[in-house]
Amino acid sequence: MAFLKVLDILMMILGSVGVVYQAICIVTSFVSKPVVFPKAPYDKRFAVLISARNEEGVVGTLIDSIQSQTYPSSMVDIWLVADNCTDDTAGLARSKGCHVVERQDSERIGKGYALSYLLDNIISQGYSKQYDAFFVFDADNRLDRHYIEEMNKAFQSGFRILTSYRNSVNFSDNWVSSGSALWFIRESRFLNSSRMVFGSSCHVGGTGFMFSREVMERNNGWKFHLLTEDLEFTMDSVLHGDRIGYCGTAILYDEQPVTFKQSWRQRLRWSKGFLQVFRYYGPALISRAFRERDFSAVDLTILICPLTVLAVIRCVFGVLFPALGFVTWASQITELVDWVASALLGILALMGLAAITVLAERDKIGASNKELFAYCLSFPIFMLSYLPISFQAIFANPGWKPIEHSGK
């Protein structure tokens, strides 16, 4: 039937574009020199924003890593919002010299709302004019001691929004944590570094990013409340003409979920958030791509394009149409054989992607060679689990739920 053919062609085009672009980025990252920012004076004042919900067990490590930076601590203030906490996160942060704002709101739940509340308090108290830029970190993060120094170099090179290199503190825990870690390391090493070479905009992750006071004032604080508020911020910034930079020498360490249940729940929220962002920002991005000939808009449209959802829809119609007699079962079995062959190639490609990432960033990954070999083999399983997650995301309303952290 024509509908199925059109769907097949659309998926083939989108999938091929994504694979080719990824391959170009990988090659570019190997053959081109990474962007290096010149030294800059320590004369910019920064505010660090932390949203924490019952993070007493881990947030102290982040605060310590911020306060032990090579950048002067007198030029960095830490602001923490204790969001619906039932533990002593607020007390711990105060004892370490942080500015603390406590929030109790059972209706508007999520990091986006917490950041809005925190920035609204900073603005209303008259502190926002003191800062040149604002960092955003999750409570379980820790920073390389040169992190702020390196980001300051990039900031003073002219970028108003910046993201950084995202590593993991628990890469080698198991196949679940390694799957998430490999995905983020791949994005930093291959995609964002190549985007800097291309002159296009990077993608802000959920943590480890910075924006200038001018951007904050344009947004009247923080106005992003979808399930993936970081992605929403990225799209809004690109539509405003901002180029988001990447500082690969600023290294942040994140803690990944270690149970498949936690990972599923987290990625379900992300998948639903991607659908929300595509719905609200996709048409405007596509329009900008054609109207302004903006490659960043093309790049980010590919990023948020719901390809896995299209694949799920195609599977559903592949069963429904022959059952209703619109097409023959034989035609769909032939299609299924082609899909299986493509899936096997995809599994090999994902293993190869994991292996290339490991080889390129071996000195930054804390795991034995035996573990890395096993995690390269398990990476396709982790990634293919996005198919049922994406299917559930079409119908689910996952909301925001905290991820438990061990504080490694």
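The values are calculated or read from the model by the stated rules, or taken from the named source; none is laboratory data. These numbers come from a predicted model, not from an experiment. All Cβ positions, even for glycine, are placed from backbone atoms using ideal geometry, and neighbour counts span all protein chains on display. Areas reflect the complete protein model, heavy atoms only, side chains present, ligands, DNA and RNA absent. Shrake-Rupley method; radii C 1.70, N 1.55, O 1.52, S 1.80 Å.
Once the range 122-154 is narrowed to residues that are over 20 Å from the mean Cα position of the chain (by Cα) and among the aromatic types (Phe, Trp, Tyr), the residue that is farthest from Val81 (Cα to Cα) is Tyr131. Under 6 Å between Cβ atoms, at least 6 apart or on separate chains: pull out the pairs that start in the range 207-235 with a residue that is in contact (Cβ under 8 Å) with a residue 12 or more places away in the chain and end on any residue that is in a helix (DSSP H, G or I) and among the acidic types (Asp, Glu). Once the first residue is in contact (Cβ under 8 Å) with a residue 12 or more places away in the chain and sits in the range 207-235, its partners that are in a helix (DSSP H, G or I) and among the acidic types (Asp, Glu) give Gly221/Asp120; Phe224/Glu232; Leu226/Glu232.
Selection of the range 15-37 for residues being more than 21 Å from Leu359 (Cβ to Cβ) and either modelled with pLDDT of 95 or more or among the charged types (D, E, K, R) (or both) yields only Phe37. Filtering Met151, Met216 for residues that are buried (at least 22 other Cβ atoms within 10 Å of the Cβ) and of a type in the set (A, V, I, L, M, F, W, C) leaves a single hit, Met151.
Residues of the range 59-69 that are surrounded by fewer than 22 Cβ atoms within 10 Å (Cβ to Cβ) and within 21 Å of Arg103 (Cβ to Cβ): Gly60 alone. Which residue pairs have Cβ atoms under 6 Å apart, sit 6 or more places apart or on different chains, and have a first residue in the range 67-80 that is within 12 Å of Tyr131 (Cα to Cα) and a second that is in a loop (DSSP other than H, G, I, E, B) and open to solvent by 30 Å² or more (accessible area, probe 1.4 Å)? Filtered contacts from the range 67-80: Met75/Arg45. Screening Pro257 on (1) buried (at least 18 other Cβ atoms within 10 Å of the Cβ); (2) of a type outside the set (Gly, Ala, Ser); (3) more than 15 Å from the chain's Cα centre (by Cα); (4) not in a helix (DSSP H, G or I) shows it passes everything except condition (3).
Return yes or no: is Ser237 within 14 Å of the chain's Cα centre (by Cα), closer than 30 Å to Glu107 by Cβ and among the polar types (S, T, N, Q)? Even if it seems obvious, please write down each step before you answer.
Numbers: within 14 Å of the chain's Cα centre (by Cα): no; closer than 30 Å to Glu107 by Cβ: yes; among the polar types (S, T, N, Q): yes.
Taking the combined requirement at face value, the residue does not satisfy it.
Within the range 236-253, residues that are in contact (Cβ under 8 Å) with a residue 12 or more places away in the chain and within 20 Å of Leu300 (Cα to Cα) reach no partner that is part of a strand (DSSP E or B) and open to solvent by 20 Å² or more (accessible area, probe 1.4 Å) with beta carbons closer than 8 Å at six or more positions or on different chains.
Would a scan of the range 182-190 turn up a residue that is part of a loop (DSSP other than H, G, I, E, B) and free of Cβ contacts under 8 Å to residues at least 60 places away in the same chain? Before you say what the answer is, go through the steps one by one.
Looking only at the range 182-190, we keep the residues that are part of a loop (DSSP other than H, G, I, E, B), and these are none.
No.
On inspection, Ala52 passes the criterion of being within 25 Å of the chain's Cα centre (by Cα) and surrounded by 20 or more Cβ atoms within 10 Å (Cβ to Cβ). Residue count for the range 318-337, restricted to those that are under 22 Å from Ser390 (Cα atoms), at pLDDT below 70 and open to solvent by 60 Å² or more (accessible area, probe 1.4 Å): 1.
Here is a check on your reading of the model: is Phe391 open to solvent by 50 Å² or more (accessible area, probe 1.4 Å) and closer than 18 Å to Ser177 by Cβ? In short, no. All of (1) open to solvent by less than 30 Å² (accessible area, probe 1.4 Å); (2) of a type outside the set (Lys, Arg); (3) outside any loop (DSSP other than H, G, I, E, B) hold for Leu10 with one exception: (1). Here Ala40 does not qualify as touching a helix residue (DSSP H, G or I) at 6+ places or on another chain (Cβ under 7 Å), over 23 Å from Ala250 (Cβ atoms) and modelled with pLDDT of 95 or more. For the range 237-244, check the following and say yes or no: at least one residue is in a loop (DSSP other than H, G, I, E, B), of a type in the set (Val, Ile, Thr) and open to solvent by less than 30 Å² (accessible area, probe 1.4 Å). Yes, because at least one residue in the range 237-244 is in a loop (DSSP other than H, G, I, E, B), of a type in the set (Val, Ile, Thr) and open to solvent by less than 30 Å² (accessible area, probe 1.4 Å). Whenever a residue of the range 278-293 is within 12 Å of Leu239 (Cα to Cα), its partners that are acidic (Asp, Glu) and surrounded by 14 or more Cβ atoms within 10 Å (Cβ to Cβ), lying with C-beta atoms within less than 6 angstrom and at least six residues away or across chains, give the pairs Arg288/Asp294. Remark: Met196 matches the filter, which requires a residue to be in contact (Cβ under 8 Å) with a residue 12 or more places away in the chain, in contact with a Pro (Cβ under 8 Å, 6 or more places away or on another chain) and buried (at least 18 other Cβ atoms within 10 Å of the Cβ).
Return yes when Arg94 is of a type outside the set (S, T, N, Q), in contact with a Ser or Thr (Cβ under 9 Å, 6 or more places away or on another chain) and open to solvent by 30 Å² or more (accessible area, probe 1.4 Å) and no when it is not.
On the way: of a type outside the set (S, T, N, Q): yes; in contact with a Ser or Thr (Cβ under 9 Å, 6 or more places away or on another chain): no; open to solvent by 30 Å² or more (accessible area, probe 1.4 Å): yes.
No.
For the range 29-49, residues that are open to solvent by 80 Å² or more (accessible area, probe 1.4 Å), closer than 14 Å to Glu150 by Cβ and hydrophobic (A, V, I, L, M, F, W, C) total 1.
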